[in-house]
Every structure is written in structure tokens, then in C-alpha cells.
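Following: one structure in C-alpha cells, then a few remarks.
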């Protein structure tokens with residue numbers, strides 16, 4: 001019988017291969033549909049302080065969502081890797097000028113000048129991941145950075161994913177923190193009966 005770690009490794013490999021195979025135009029088109037769902041989400045419209053991730057590779061693109069949030073007067077934050085604590089810090093983001101960023105060791109953009117904020121400043125956290133299920137289960141890359149952050153976060157968590165990333169069930173371990181809702185290009189999945 002496979003362990004949760006083995007099951008997660010198999011899921012990562014399968015979903016990452018499928019996501020990597022997406023054409024750039026497809027990623028942009030599906031991301032635009034997810035952005036429309038986000039704009040209509042009650043929890044998002046009510047939020048003032050939003051944590052976005054800075055997308056890389058073929059993740060759901062967030063740059064346009066971030067621009068729209070800033071234009072709407074929301075305060076935007078992004079995660080930054082804290083190597084010393086093997087976790088994530090939260091930095092306020094003023095804009096998306098490429099000169100404001102550097103790449104971390106994972107190849108993900110981070111602000112060069114970090115205006116750090118406490119996790120308690122955030123109303124809503126938008127999260128990446130590789131695979132999810134309708135109970136809010138989430139499989140990331142396995143380092144546990146987001147799980148550590150989510151353990152300290154009391155606000156609303158919403159994952160952004162392409163519909164093929166939503167599986168019937170993903171393995172969950174004790175350290176894993178479920179998300180409260182999922183947005184894909186096809187549906188909004190309310191894992192905890194959020195106002196949508």
C-alpha cells in the first residue's frame with residue numbers, strides 16, 4: 001500500500017507534466033476566466049488586503065489579477081521565502097515593474113525591497129498548488145512553505161487552479177492545511193460554504 005508521501009509524489013509528477021504541456025495562449029486564456037470568477041467572488045470583493053502569489057512556469061497567471069486589485073484600491077501582498085526559518089514572509093507589493101523583482105532560489109519573483117507585514121494584515125490569501133480536491137485538500141511541491149504560513153492565517157484561503165488539477169481526492173497529512181475554496185476556469189468549489 002502506498003504512503004501519503006508516495007501518493008503525493010505520483011500526483012505531483014502527473015499534474016506537473018500535464019500543466020507543463022499547456023501552450024502559453026491556453027494558460028493565458030484559462031487564467032483570464034479564473035480572474036473573472038475571482039472578481040465575482042464575494043470574499044474577494046469584500047477584502048481590502050489580499051495575498052497573491054507571483055505566478056511562474058505554467059501556474060494560473062496572477063499578474064493581471066494583481067493589477068486589477070491594485071487599481072481597485074486593494075492592498076496587495078506577496079510571499080517571500082525566508083531561508084533562515086524555512087518559511088514565508090509577507091511583503092507589500094506596490095506594482096509589477098520587473099525592475100522591482102529578483103528571482104529566489106526556486107526561480108520565483110520576489111520584491112527586491114521587502115516592506116514586510118504580519119500575516120494578520122491579510123483578509124484573503126490566494127494560493128497556488130499542483131492538485132486539489134473538493135474538501136480543500138491541497139498538494140504543493142512538498143516543501144511545506146505555504147502550510148507553515150496557513151497555520152498562522154485566520155482569514156479566507158482560495159486556491160487558483162486549472163480544472164484538470166482538481167482530483168476526486170488528494171492525500172492529506174497532519175501538517176497539511178486545507179483551503180476554503182477553489183476557483184477554476186469552469187467552477188467555484190466551496191469547500192467550507194463561503195459566501196460566493
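FYI, it's all coordinate maths here, none of it is from the lab. Predicted model only: the values in this text are computed from it and were never measured. Virtual Cβ from ideal backbone geometry, glycine too; neighbours counted across all protein chains shown.
Overview of values
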{"quantity": "Within the chain, percent of DSSP bridges classed antiparallel, to nearest 5", "calculated": "60 percent"}
{"quantity": "Size of segment 94-196 as Cα extents on the principal axes (Å, biggest first)", "calculated": "41, 29, 26"}
{"quantity": "Mean Cα-pair separation over length for segment 1-122, i.e. relative contact order, pairs under 8 Å, 6 or more apart, %", "calculated": "19 percent"}
{"quantity": "FRET efficiency, 1/(1 + (r/R0)^6) with R0 22 Å, evaluated for residue 85 and residue 120 via beta carbons", "calculated": "0.80"}
{"quantity": "Cα convex hull of segment 3-107 - mean projected area over all directions, nm²", "calculated": "8.6 nm²"}
{"quantity": "Computed lengthening from residue 14 to residue 103, 0.36 nm per intervening residue step minus Cα-Cα distance", "calculated": "29.4 nm"}
{"quantity": "Chain lengthening between residue 187 and residue 113 when straightened (0.36 nm per residue, less Cα-Cα)", "calculated": "23.0 nm"}
{"quantity": "Peptide ranges 158-164, 10-16, 130-136, 85-91 listed from the most packed, as the mean C-beta count within 10 angstrom indicates", "calculated": "158-164, 130-136, 85-91, 10-16"}
{"quantity": "Residues residue 42 and residue 173, FRET efficiency given R0 of 30 Å [Cβ-Cβ distance, rounded to 0.05]", "calculated": "0.45"}
{"quantity": "Sorted by Cβ neighbour density within 10 Å, fewest at the top, the residues 138, 33", "calculated": "33, 138"}
{"quantity": "Distribution of pairwise C-alpha distances over the chain, 10 Å bins, in %", "calculated": "9, 38, 40, 13, 1, 0"}
{"quantity": "Antiparallel bridge percentage (DSSP; both residues within segment 92-196; nearest 5)", "calculated": "55 percent"}
{"quantity": "Sequence of 2, 31 once ranked by neighbouring C-beta atoms within 10 Å, starting from the fewest", "calculated": "2, 31"}
{"quantity": "Whole-Å distance, taken between Cα centres, linking segment 10-84 and segment 127-196", "calculated": "13 Å"}
{"quantity": "Full-stretch length increase - residue 71, residue 25 - with 0.36 nm per residue and alpha-carbon distance subtracted", "calculated": "14.1 nm"}
